[in-house]
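For reference, the structure is listed below as structure tokens.
No value in this document is a laboratory result; all are computed from the given coordinates. Not measured: the values here are computed from a predicted model. Cβ coordinates were reconstructed from backbone atoms using ideal geometry, including for glycine residues, and neighbour counts include every protein chain displayed.
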Protein chains: 2
Amino acid sequence: MADQKHRGQIKQAPENFLSQDLIADLNENGMDDARRGFLRKGFMAALGGAVSVGSAANVLAADGDPVILEKQEWQTTLGKNVATMPYGMPSIYEANLIRRESPGLTRVSAASVAFTPLQGLFGIITPNGLHFERQHQGWYNIDPEKHRLMVNGLVKHNRVFTMNDLMRLPSVSRIHFIECGANTGLEWGNVAVPTVQYTHGMLSCCEFTGVPLSVLLEECGADLKKGKYLLAEGGDGSGMTRTINLPDVLNEAIVAWGMNGEMLRPENGFPLRLVVPGVQGVSWVKWLRRLEVGDMPYATKDEAVHYNDLMPDGLARQYTSIQECKSVITTPSGGQQLLDKGFYNVSGLAWSGRGKIKRVDVSFDGGNNWKIARLETPVLSKALTRFNIDWVWDGAPAILQSRAIDDTGYVQPTIKMLRDVRGTRSIYHNNAIQSWKVGSNGEVSNVQVG
Amino acid sequence: MADQKHRGQIKQAPENFLSQDLIADLNENGMDDARRGFLRKGFMAALGGAVSVGSAANVLAADGDPVILEKQEWQTTLGKNVATMPYGMPSIYEANLIRRESPGLTRVSAASVAFTPLQGLFGIITPNGLHFERQHQGWYNIDPEKHRLMVNGLVKHNRVFTMNDLMRLPSVSRIHFIECGANTGLEWGNVAVPTVQYTHGMLSCCEFTGVPLSVLLEECGADLKKGKYLLAEGGDGSGMTRTINLPDVLNEAIVAWGMNGEMLRPENGFPLRLVVPGVQGVSWVKWLRRLEVGDMPYATKDEAVHYNDLMPDGLARQYTSIQECKSVITTPSGGQQLLDKGFYNVSGLAWSGRGKIKRVDVSFDGGNNWKIARLETPVLSKALTRFNIDWVWDGAPAILQSRAIDDTGYVQPTIKMLRDVRGTRSIYHNNAIQSWKVGSNGEVSNVQVG
């Protein structure tokens, strides 16, 4: 089985290869850099192979050059039937674009992370098959007929809902990002994790569908004057429980069953999870089985020690759950390699738990000079925003950075600014500017600047 | 293997069942309609089963009622590892939500249609595994290293691009619907196709990523003063070729490789297809291998006879490629069955090849009275728009319709209005208002009204 080893003259990270013939790949892709510029900026357009003859169609170009378009075997034979795959899968040539567990990150794989391969993705929607996973005690194929959601606490009527009860309620659909609070966590210290899949891959963005939390709580007669806190309890063996600040999320939270048009995937909480836009992923409780309305934070096991901010004096700041404004360049990124000089489309993602992305700046010289990137539409609140920017690589070493600004005016900080306040021993809530170094050989690596 | 046979007290269409125990299902889901109203409008909230004891947790409600939440086996055991599926799949309980070929629609399955199961989907994004397929000579796993795109005709420089050449160009990402020009085609006559999967399921909506057509043509030095037409040629055995009106699409068309964040699926044109927002699906040429700029329509085999509008006098109107404003209620829809009276969230899709959806009206009495539906955000140009509306079913027969209006002011027509102009023997471009009849037994069927 072959594989798509390089895209846009960017060789993918080594773990994306099935074969290890790196040198052969490098050589076969050399380009003629005397070719005329692309967009008058220096794109070395490679006239694709196409020099063999045989069954080739020979077209005379307007400028007199013969240009040959080879005929391929799939043009002369009968292809596969429709619905050969009633539920479709990616091309066999994409077999290495998969979720990956970081070896050794945790002691057991049922309480670990599988990261989204951001380096190979486009746009803002994460396909469901590549949505990241953070499990605390593994995942289940839960029978939706058996699943229940209880609502209790400061409510007039305690309730237990079936999925059928919930799915006949008024529903909404909205596109939001979800990011684990521990995403980019190893970068607090001096660990420079090699690829963007592992530095930033606890990040996904989907269209979620479900009943608004406000509708559900109104139905149960919740006392929202006293009830400023919500306890969300998951149905897996970890007994995951999180306190959620109700006034912060009441207008936007969704008790969701749909993800990108279909039911949630089992590893992402099928049949029911809480969607809390802007809030760290651990609070998007999966296999949601209980919501309790209360008048004070619950200080559960999962929030007493985890998902809080360790300060330099050894104390921890609790309940800082909003994912602040952040961005990262995904192409090119660590572990990849530029195969020639010339024009590149540099692409990345920006997001903010506070609202919309207003602007993304990109630097090619480690933060000395900045240019404004193009934002792809739609730019949505608390969703990923894709940015792109033109770059002509001259072959000299370069340091690529992106810096996002959200519509509150907050500017994504440098790692130095974060460490000055919070030290180097935290795990959670690292939203620092990411630096990728491009070496003179084109190799891209993770470096910590400033 | 069990299955989710009903959602929100709506039984799915029979072909969504693995078992045929319909009567048992009906009986076990009877509800106590004396329960208090939901949203003060008549939702009969079912207190989910939860009456057995054993390992159940017993919570005393605020109003004194004991409410019991059963403990499930998945709460007390270790679940599956992360990345058990490096590329994830839907829950085993969703096994019947699949693309389906309409039996007998064509003589061979390599030149047929697999329809998207709209009746079970949410929001606007179609998951890639359920994107509809319309194949003319089957589909292929094309090796992206071998694939080429030629650009020729009224251009300064004929070019042959590799995928690597294309993927380093400036890219954009945008969400758009794609609809086959023959969608809803059988309804021109008196065939009332039973389910929305078969009436409207040649419809999907994804985020597409690629190089803007305008950038590619500029790079080749296209003469856009003379060159008002584009020939797009596909790489499959059918030799699919389509003329595209360049001025209409130049600002929006994309030569695309990405679909919902990942590479296109093989059956949808991997590694390259043309995305022509608002235009019928046949022009979104798959396995795109050649673009020719010309000064007149090409009148190819695929447009001389097919995808045009047969008029009552026997003549055909050609090159009417824009998909006009249209909508359909997907839940409830044909083949489903309402299992009780009371509150329902009626949900559907609206779209226009001319721009954004401005408003969707819904009627529950066959078009005599109309109410304005809620539109889910984002409302995007030439993308699906999800609408929802509250409905309390009183148990009497009802006829449900939706009517979309786009931002040009165009109002979706009735089937009678369309037939008055175009007769009953057309295949293509049927954007009529769809009527679903709800019988007094709750059964939903396709009826043609007006």
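Of note:
- Calculated FRET efficiency for the pair B:TYR319/B:LYS146, C-beta based, R₀ 41 Å, to 0.05: 0.80
- Length released on extending from B:ILE92 to B:LYS225, taking residue separation times 0.36 nm less the Cα-Cα span: 42.3 nm
- Applying a threshold of 30 Å to the alpha-carbon distances of B:LYS341/B:LYS371; B:LYS301/B:LYS326; A:LYS11/A:LYS356; A:LYS356/B:LYS382 flags A:LYS11/A:LYS356 as lying beyond it.
- Diffusion coefficient, µm² s⁻¹, Stokes-Einstein with Kirkwood Rh over alpha-carbon pairs of chain A at 20 °C and 1.002 mPa s: 89
- For the listed peptides B:376-389, A:91-104, a ranking on the average number of other beta carbons within 10 Å per residue, highest first, reads B:376-389, A:91-104.
- Residue-averaged beta-carbon neighbours from other chains (10 angstrom radius) around A:131-143: 5
- Projected-area average for the range B:211-280 over all orientations - Cα convex hull basis, square nanometres: 5.2
- Peptide A:146-157 has a mean shielding of 4, counted as Cβ atoms of other protein chains within 10 Å of each residue's Cβ.
- Computed over the range B:114-243, the percent of Cα pairs more than 22 Å apart is 54.
- A compact globular protein would have a Cα radius of gyration near 2.2 N^0.38 Å; the ratio found for the range A:276-377 is 1.52.
- Once the C-beta distance of A:TYR410 and B:VAL191 is scaled by a Förster radius of 45 Å, the resulting FRET efficiency is 0.20 to the nearest 0.05.
- Spin-label model distance (nm) - B:VAL392 vs A:LYS80, 7 Å beyond Cα toward Cβ: 5.1
- In Å, descending, principal axis extents of the Cα set of the protein assembly as shown: 89, 81, 44
- Per residue of peptide A:218-229, the mean number of Cβ atoms on other chains within 10 Å of the residue Cβ is 1.
- Size of charge dipole - chain A - debye, nearest 20, with Cβ of Lys, Arg +1 and Asp, Glu -1, no other charges: 1000
- Straight Cα distances below 21 angstrom link A:LYS80 to the lysines A:LYS71, B:LYS146, B:LYS286, with same-chain residues fewer than 8 positions distant left out.
- Rel. contact order, % - alpha carbon contacts under 8 angstrom, at least six apart, chain B: 16
- Reciprocal of mean inverse Cα separation for the range A:100-146 (Kirkwood radius, Å): 12.4
- Pairwise centroid distance, computed over Cα atoms, of the range A:260-300 with the range B:78-141, Å: 27
- The Kirkwood hydrodynamic radius of the range A:69-162, based on inverse pair distances between different Cα atoms, is 18.4 Å.
- Selection from A:MET150, B:PRO271, B:TRP391 lying farthest towards where the dipole of the protein assembly as shown points positive, charges on Cβ: B:TRP391
- Secondary-structure-derived ellipticity at 222 nm for chain A, considering helices only, amounts to -2000 deg cm²/dmol, per-run term -39500 (n - 2.57) for DSSP H runs with n ≥ 4.
- Ratio Rg/Rh [Cα only; Rh per Kirkwood] for the range A:176-247: 1.11
- Taking all Cα-Cα distances within the range B:326-447, those exceeding 25 Å account for 24%.
- Where labels lie 7 Å past Cα in the beta-carbon direction, separation of A:MET311 and B:LYS71 in nm: 4.0
- Between B:VAL421 and B:SER102, full extension at 0.36 nm per residue minus the direct alpha carbon distance yields a gain of 112.0 nm.
- Ordering A:CYS325, A:MET311, A:THR195 by the projection of their Cα atoms onto the charge dipole of chain A, which places +1 on the Cβ of Lys and Arg and -1 on the Cβ of Asp and Glu, puts A:MET311 at the extreme positive end.
- Coil-residue trypsin sites (Lys or Arg not before Pro) of the range B:261-320, DSSP, other Cβ within 10 Å capped at 14: none
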